[in-house]
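Below is the structure I would like to discuss, written out as structure tokens.
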Amino acid sequence: MKFSILTLFPDVIEAYVSASIVGRARQKGVVEIEAINFRDFSADAHRKVDDSPFGGGSGMVLTCQPLESAYQSLLPLQQPARVLMTTPTGRRFDHRFALELSEARQVVLFCGHYEGFDERIKSLIPEMEEVSMGDYVLTGGELPALSIVDAVTRLLPGAVQKFTSVQADSFYDGLLDYPHYTRPAEYKGLQVPEVLLSGNHAAIEQWRKAQALERTQRLRPDLLQR
């Protein structure tokens, strides 16, 4: 699988995707990740990629030309492909969305900045989908893009050593994860639940399912409704 990230800050992308699970998956060839500085595709003599908004107002707007030219340089995409724009107006990113993206062979991510994109880029690249990480605004789209890369990569075969750990994560089966404990069995008077020390795997599994349901009901009842 290949991620192509169009960004003004490729060093930010590279620093993250070279480390931890994503970095190891990249080294093993499970995933390919490229960070492309779309400033390099600007036709402006000063490599300018933004301009003031028509109609007035504060802030700057990303211009169409560098973005379109950078995207054209990637064509043809490996199919099936998904093309995403990080923006507060997009579809909320969640586990279901990550699963969809894990079926693609290539995902292109446009990282927004300033006041966002010239609206016409959506017409120039009609296959582009808008994606949001939640009801808040960040200074740039690099963190959302990295969150998407991380969430999708760990779903790919070979990225995580034991895929059963991924299957036990929150949201994988629609529930929050159950509580986890490790050594020592007692710490400052706080005890690990006895069932986890029993060696009875059937009882442990039943306890974990009950805990996941209880936690989801208490903290995220909306997940149960879905």
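In the calculated pair distance distribution of region 1-133, what percentage of Cα-Cα distances lie above 26 Å?
Working: 2010 of 8778 pairs.
Taking all Cα-Cα pairs of region 1-133, the fraction more than 26 Å apart is 23 percent.
So, one more: Label point 7 Å out from residue 79 along Cα-to-Cβ: which residues of region 127-164 have amide N under 19 Å?
127-129, by backbone N distance to the label point.
Relative to a virtual label point 7 Å from the Cα of residue 94 in the Cα→beta-carbon direction, which members of region 191-226 show backbone nitrogen distances below 20 Å?
212-226
Still on this model: With unit charges on the beta carbon (Lys/Arg positive, Asp/Glu negative), name the residue among 98, 195, 83 whose Cα is farthest towards the positive pole of the charge dipole of the chain.
Comparing the listed Cα positions along the dipole, 195 ranks first.
Taking the dipole about the Cα centre of the chain, with the C-beta of Lys and Arg at +1 and of Asp and Glu at -1, give me whichever of 161, 112, 41 is farthest to the positive side.
161
Given DSSP loops and a limit of at most 12 other Cβ atoms within 10 Å, what is the longest stretch of the chain that contains no such GluC sites (Glu not before Pro)? Working shown, then result.
Values: sites that count: 103, 119, 127.
That gives 1-102 as the longest site-free run.
If you rank 223, 109 by how much accessible surface each has, with a 1.4 Å probe, what is the order from largest down?
On the way: 223 20, 109 0 Å².
Ranking 223, 109 by accessible area, largest first, yields 223, 109.
While we're looking at this one, here's another question. Assuming a strict under-30 Å limit between Cα atoms, what lysine pair count do you get for the chain once near-sequence pairs (fewer than 8 apart, same chain) are dropped? Spell out each step's value before the answer.
Details: 2/28; 2/48; 2/122; 2/162; 28/162; 48/122; 162/209; 188/209.
Pairs that pass both the separation and distance tests number 8.
Follow-up. Counting only helical runs of four or more DSSP H residues, what would the 222 nm mean residue ellipticity of the chain come to if each run contributes -39,500 (n - 2.57) and the total is spread over all its residues? Can you show the working numbers first?
On the way: 9 runs with 77 residues, N = 226.
The helix-only estimate for the chain comes to -9500 deg cm²/dmol at 222 nm.
May I pose another question? Could you work out the per residue convex hull volume over the alpha carbons of the chain, in cubic angstrom? Don't skip to the end; give the middle numbers.
Working: hull volume 40.6 nm³, N = 226.
Hull volume over Cα atoms, normalised by residue count, gives 180 Å³.
Let me ask something else. Enter the accessible area per residue of the chain (Å², integer; probe 1.4 Å; all protein chains in place).
Details: 13130 Å² over 226 residues.
Per-residue accessible area for the chain comes out at 58 Å².
Probe radius 1.4 Å, ligands and nucleic acids ignored: give me the carbon and sulfur share of the accessible area of the chain as a rounded percent.
Working: 6820 of 13130 Å².
That fraction is 52 percent.
Next question, about the same structure. With a 10 Å cut-off between alpha carbons and a GNM built on the chain, which of 24, 183, 92 moves the most?
Per the Cα network of the chain with a 10 Å cutoff, 183 tops the list.
Ignoring everything but the protein chains, give the 1.4 Å probe accessible area of residue 181 in square angstrom, nearest 10.
Surface open to solvent at residue 181 totals about 120 Å².
The values are calculated or read from the model by the stated rules, or taken from the named source; none is laboratory data. Predicted, not measured: the structure shown is a model, and the values here were computed from it. Positions of Cβ are generated from backbone atoms using ideal geometry, with glycine treated the same way; all protein chains shown enter the neighbour counts. Ligands, DNA and RNA are excluded from the accessible area calculation, which covers all protein heavy atoms including side chains. Shrake-Rupley method; radii C 1.70, N 1.55, O 1.52, S 1.80 Å.
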